[in-house]
Amino acid sequence: MIDKKTIAADERLRQEFNQWAEQGRGEEMENHHISITQQTLARMELKPGDRVLDLGCGAGWASRLIADAVAHGDKPGQVIGLDVSDEMIRRARAGSIAYDNLMFVIGSAQQIPWEENFFDKVLSVESFYYYADQDRALAELFRVLAPHGELFILINLYQDNPYSLRWVEELKVPVQARSEQEYIQLLKAHTFEDVRAVRIPDLTPTPQEYSGKWFNNAEELREFKRIGALLLMARKPGFHSPPPGYEVY
Ligand SMILES: C[S@@+](CC[C@H](N)C(=O)[O-])C[C@H]1O[C@@H](n2cnc3c(N)ncnc32)[C@H](O)[C@@H]1O
């Protein structure tokens, strides 16, 4: 069962991201995340027929890219976009009417409303550090992934990119700022296999002048983008391995 503290944290996230959605920030995030997401999609090697979860899908732009990539073939793939913010999901649905292999669902990463052993691949873009109980989210991801299914968690906010740590105080909701090594240990503790991490630089051009609130000048923004996002990759074992908590005698 999901505990009361996590339910309360999710409610706070729902309210915060509903506001983001109402301000049009769901759609805007495509510009900020497209470069690192495209590089991640290339590593996912999506193919027609794949069943894919976009966890923390926001306004659904990445879900649509995935839906295009898995659509064609004898058996069209299916994409589920899941988000805790009902307003993000409303907008994702409104922007995806033309798609018949894409469904958007309201729900929490810590209680994924889907059956076990289903997804071939999971992508999560700039969402994982918001989860109050990352352990529980990983247990849920392990459950819903198919045997040999692959997990791709992409985050800009992590301990090893000092510029991103400024957001910890500025964001209106609590976030986790673990290091690459801590995330690797966490994934291994959840018995994922083939656990790897790479850095994904943001390849978009940086303007000469920066006037936003997150960086002191354009040079800092350039450095933040050069250090890049953290992409965590892992695979659920096949049926030959025992699930967590079971021993083979
Ligand atoms: C920074 S936005 C990124 C959205 C989208 N992936 C993108 O790149 O445009 C983070 C998203 O994660 C969602 N989120 C935060 N906590 C969540 C949770 N516990 N379960 C599901 N989604 C969550 C938010 O509602 C928000 O839409």
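The values are calculated or read from the model by the stated rules, or taken from the named source; none is laboratory data. The shown structure was predicted, so the numbers you read here are calculated from the model rather than taken from an experiment. Note that each Cβ is placed from the backbone with ideal geometry, even for glycine, and that neighbours are counted across all protein chains shown. Accessible surface is based on the protein model in full, side chains and every heavy atom, while ligands, DNA and RNA are left aside. Shrake-Rupley method; radii C 1.70, N 1.55, O 1.52, S 1.80 Å.
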Can you tell me the relative contact order of the chain? Whole percent, Cα pairs under 8 Å, sequence separation 6 or more.
18
With a cut-off of at most 14 other beta carbons within 10 Å, and DSSP calling the residue loop, which chymotrypsin sites (Phe, Trp or Tyr not before Pro) in region 180-246 qualify? Please list them.
TRP214, PHE239, TYR246
Count charges around THR6 for me, please; just the other residues with Cβ under 9 Å from its Cβ, Lys/Arg as +1, Asp/Glu as -1.
0
Could you give the length gained on full extension between GLN185 and GLU220, defined as 0.36 nm per residue of separation minus the Cα-Cα distance, in nm?
9.6 nm
Per the 1/(1 + (r/R0)^6) rule, R0 = 30 Å and r from the Cβ atoms of ALA42 and VAL105, FRET efficiency to 0.05 is 0.70
Restricting to region 106-249, what percent of DSSP beta bridges are antiparallel, rounded to 5?
70
Using a 1.4 angstrom probe, figure out how much accessible area the chain has per residue, in square angstrom, rounded to the nearest whole.
50
At q = 0.11, 0.13 Å⁻¹, the log10 of I(q)/I(0) for region 4-235 from a Debye sum over equal Cα scatterers comes to -0.53, -0.76
May I ask for the longest run of the chain untouched by GluC sites (Glu not before Pro) that are loop-located per DSSP and have at most 11 neighbouring C-beta atoms (other than their own) within 10 Å?
116-208
GNM, the chain, Cα, under 10 Å: largest mean-square fluctuation among LEU171, LEU123, LEU138?
LEU171
All other residues with a Cβ under 14 Å from the Cβ of PRO207 taken together, and with Lys, Arg as +1 and Asp, Glu as -1, what is their net charge?
-2
Within the set ALA132, ALA146, ALA189, GNM on the chain using Cα springs under 10 Å gives the largest fluctuation to ALA189
Near GLN159, within a Cβ-to-Cβ distance under 12 Å, what is the net charge of the other residues, with Lys and Arg +1 and Asp and Glu -1?
-2
DSSP bridge orientation in region 4-235 - percent antiparallel, rounded to nearest 5:
40
The chain: longest segment with zero exposed trypsin sites (Lys or Arg not before Pro), where exposed means DSSP loop plus at most 14 other C-beta atoms within 10 Å, is residues 1-171
